[in-house]
Amino acid sequence: MLRVENLMNSFGDFRAVDGANLAVEKGKIVAVIGPNGAGKTTLFNLITGHLKPEAGKIIFKGEDITGLPPYTICKKGIARSFQLLNIFPRLTVFDNVQVAVLSQHNRSLHLFRPAKNLLVAETNHILENVGLLGKSQKIAGSLSQGDQKILEIAIALGNEPEFLILDEPTAGMSAEETTATMALVKRLAVEQGLTLLFCEHDIDIVFSMADRIMVMQQGKTIIEGTPDEVRQNEQVQQAYMGGS
Ligand code: ADP
Ligand code: MG
């Protein structure tokens, strides 16, 4: 479904992504791991069009999407959440998700129909799915950090993606919240047939949940394979498992 070939991107003289390669099959759950600064967020920004690569290719469903703007890529079916929260803190939970649903249905610019009444069922369905329906009239900024991260996932789902990218969806969460959130993400992916690309610091969760894992270091893909294959890799063992 997605193929990333030898992607490169620099900030000034610094190569943040320096030969990233990735292949994601439809319906699979794929994790990107690597130390802070490895280039994971930059890679996601390149895939979603928030950055333009200097070199390399991004192929989505057989189509070259390299360098297209974010809204075009979103319309093609790729939605994402951000490592740093990206919600409307002063709108209600419901309104945050409805904005995404409306935009996906090209409804946000209808002048003579009150948008408030449109696609309410669709919006509520998403909120119910992620467990936020009971909080739909709360102001988004008043939610706990964990619920705000889940709201961001709900907003991404509002775009009706086929391919969902989650950049550290559990950042700032307790161990318990992290486990619950990743279980939710897995359930959503399976139920909705989503293809999922994510990065997550909790290595145990990554190895138990992902079908495939790509390891990045200094902007490069050092290995991509099944959890077992990645576990056997010497560089990975040194970096993550104390060499044992
Ligand atoms: P990760 O998500 O794996 O922690 P990032 O992709 O955020 O890594 O960052 C990769 C490297 O690129 C880091 O060294 C970071 O400081 C640098 N970087 C990221 N974004 C920018 C930017 N907008 N300007 C300059 N340097 C950046
Ligand atoms: Mg990051």
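Brief remarks on what is shown
- Scanning the range 30-54 for residues that are open to solvent by 40 Å² or more (accessible area, probe 1.4 Å) and within 13 Å of residue 73 (Cβ to Cβ) returns 50, 51, 52.
- Residue match in the range 81-90 (condition: surrounded by 19 or more Cβ atoms within 10 Å (Cβ to Cβ) and of a type in the set (A, V, I, L, M)): yes
- Scan of the range 21-36 for residues that are in contact (Cβ under 8 Å) with a residue 12 or more places away in the chain and near ligand 1 (Cβ under 10 Å from one of its atoms), ordered by number: 32, 33, 34, 35
- Within the option set 223, 203, being assigned by TED's automatic domain parsing to the domain that holds residue 22 and in contact (Cβ under 8 Å) with a residue 60 or more places away in the chain holds for one residue only, 203.
- Taken as a whole, the condition of being at pLDDT 95 or above, of a type in the set (A, V, I, L, M, F, W, C) and within 13 Å of ligand 2 (Cβ to nearest atom) applies to residue 43.
The values are calculated or read from the model by the stated rules, or taken from the named source; none is laboratory data. What you are looking at is a predicted structure, and each value in this text was computed from that prediction instead of being measured. Because the Cβ atoms are built from the backbone with ideal geometry, glycine has one as well, and the counts that use them run over all protein chains shown. We work out accessible area using only protein heavy atoms, side chains counted, and drop any ligands, DNA or RNA first. Shrake-Rupley method; radii C 1.70, N 1.55, O 1.52, S 1.80 Å.
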